[in-house]
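A short write-up of the structure that comes next.
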Amino acid sequence: MRIIGPDEIVFGVDDLDACRAFLTDYGLDETAWTEGKGGTFSALDATCVSVWKRDDADLPAALPSGNTLRQTVYGVESANVIDEIEAELSTDREVTRHPDGSITCEDDCGFALKFQVTKRIKTDLEPERVNSPGAEPARLENQLGTTQDAACKPRTLSHIVYFSPDIKKHEAFYMERLKFVLTDRFTNVGPFLRPQACRDHHTMFLLDTPPHMAGLEHIAFHMQGPTELMLAGSRMIQKGWESFWGPGRHVFGSNWFWYFNCPLMTHFEFDADMDLHDDDWEPRFVEAGPQTAQVFLFENTEKWFPGAPGD
């Protein structure tokens, strides 16, 4: 099944104004907003986050845990893929077809899903260019590697991490019914999965948790590269948002990361430089822990210069 990955994550929240402030500070563009109701915040390729009042009657039902996640919207390559998913899932659950051609249903753990022909727009953006000794330079003479006023815009919705109330059932649904592919596994926690039409190391990670925790653990957007990630995270700190984990670099996926607490009652991650895989990749199986979760971890501090007053 040619599923690309998440196009949109939908939340039901209590404090719309605080969420709006966080998402704009995070770097997403406000593409729709209605006072007292909510709106949508988009990355450069139109993948997005939507936040609505928790009691909005148009939202899918909340999870029993009360988690703010209300729906995961997946983009697929074509209408034929929608038909394929509908044929597969309608054998044992209610699948609703909508006038725009999308379908909605629930997965085997009660998480609300939507499948649509992807709304992502094609982008042609500059990569981060790194000069590595012994190799041809990627950045030529007089091309600067960074500036203090770089835009630091999230480029695309990278991945989601679920608190799974039944890890075996959840994993089987995505791998057997939707044909997601296992890339790696933390044997004591859960699997990293990617859909067939995506080369990213993962668009989903499942965390084995008690049923009362079911929901979203975090969401991540890809940045241009490590430099933008570090600069964007530093700006979040300066604006008063609380760092949760990072900055650092993961082992599985190799992606740089920086996670923040936020008023959506989940974590938001900046990530950059994730590994790509095809079907020749052999999954790794290790136990999760400090040594396998990150290659290194930094501590954010104020800017400093030797010889400054007081040093």
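Every number here is computed from the coordinates shown, using simple stated rules; none is lab data. Because the structure is a prediction, the values reported are computed rather than measured. Glycine gets a Cβ as well: all are built from the backbone with ideal geometry, and neighbour counts include every protein chain shown.
Looking only at the chain, where both bridge partners belong to it, what percent of the DSSP beta bridges are antiparallel (to the nearest 5)?
Working: 51 of 75 bridges.
That works out to approximately 70 percent antiparallel.
In a shell of Cβ-Cβ distance under 10 Å around GLU106, excluding GLU106 itself, what net charge do Lys and Arg (+1) and Asp and Glu (-1) give? Could you put the intermediate results ahead of the total?
Numbers: positive: ARG93; negative: GLU94, ASP107, ASP108.
Charge balance near GLU106 sits at -2.
Indicate, rounded to the nearest 5 percent, the antiparallel portion of the DSSP beta bridges found entirely in segment 140-299. Each step should come with its number before you reach the end.
Working: 28 of 41 bridges.
So the antiparallel bridges in segment 140-299 amount to around 70 percent.
Counting other beta carbons within 10 Å of each residue's own, what order do ARG93, ARG20, ARG185 fall into, fewest first? Spell out each step's value before the answer.
Numbers: ARG93 11, ARG20 18, ARG185 21.
The most exposed by this proxy come first: ARG93, ARG20, ARG185.
Please list, in chain and number order, the residues 5+ apart from GLN71 or on another chain whose amide H is under 5 Å from its amide H, with Hs placed from the backbone.
VAL10
Only one of the values (1) 69, 49, 38; (2) 67, 47, 44; (3) 58, 51, 38 was calculated from this structure for Cα extents along the principal axes in Å; name its label.
Checking each listed value against the structure points to (1).
Run the reach check for LYS168 against lysines, Cα to Cα strictly under 18 Å, same-chain hits fewer than 8 apart removed. What comes back?
LYS179
Treating cross-link reach as a plain straight distance, find the aspartates and glutamates whose alpha-carbon is under 15 Å from the alpha-carbon of LYS114, omitting any fewer than eight places away in the same chain.
ASP7, GLU8, ASP58, GLU77, ASP83, GLU84, GLU86, GLU88, GLU94, ASP100, GLU106
Under the definition of Cα pairs under 8 Å and six or more residues apart, what whole-number percent is the relative contact order of segment 173-301? Write out the running numbers ahead of the final one.
Details: 235 pairs, mean separation 35.3, N = 129.
Worked out over segment 173-301, it gives 27 percent.
Rank these for me by crowding, HIS98, HIS277, HIS159, going from fewest to most other beta carbons within 10 Å.
Details: HIS98 10, HIS277 20, HIS159 26.
By the 10 Å Cβ count, ascending, the order reads HIS98, HIS277, HIS159.
Could you name the lysines whose alpha carbon sits less than 25 Å from that of LYS303, not counting residues in the same chain fewer than 8 places away?
Counting by Cα, and skipping residues close in sequence, LYS303 has these lysines nearby: LYS153, LYS239.
Under a 10 Å cutoff between Cα atoms, tell me which one of ASP166, ASP107, ASP149 has the largest fluctuation in the Gaussian network model of the chain.
Of ASP166, ASP107, ASP149, the Gaussian network model singles out ASP149 as fluctuating most.
With springs only between Cα atoms under 10 Å, which of PRO191, PRO283, PRO137 fluctuates most in a Gaussian network model of the chain?
The residue that fluctuates most here is PRO137.
Classify segment 11-127 as rounded, prolate or oblate, taking a ≥ b ≥ c as the square roots of the eigenvalues of its Cα gyration tensor: rounded when a/c is under 1.5, otherwise prolate if a/b is larger than b/c and oblate if not. Intermediate values should be presented prior to the final figure.
Values: a/c = 2.33, a/b = 1.23, b/c = 1.90.
Oblate.
What does the net charge come to around ASP92 if you take all other residues with beta carbon closer than 14 Å to its beta carbon, with K and R at +1 and D and E at -1?
Working: positive: ARG93, LYS169, ARG177; negative: GLU86, GLU88, GLU94, GLU106, ASP107, ASP108, GLU176.
Counting the neighbours of ASP92, the net charge comes to -4.
Distance in nm between label sites at ALA151 and ASP275, each 7 Å beyond Cα in the beta-carbon direction?
Output for this residue pair reads 3.1 nm.
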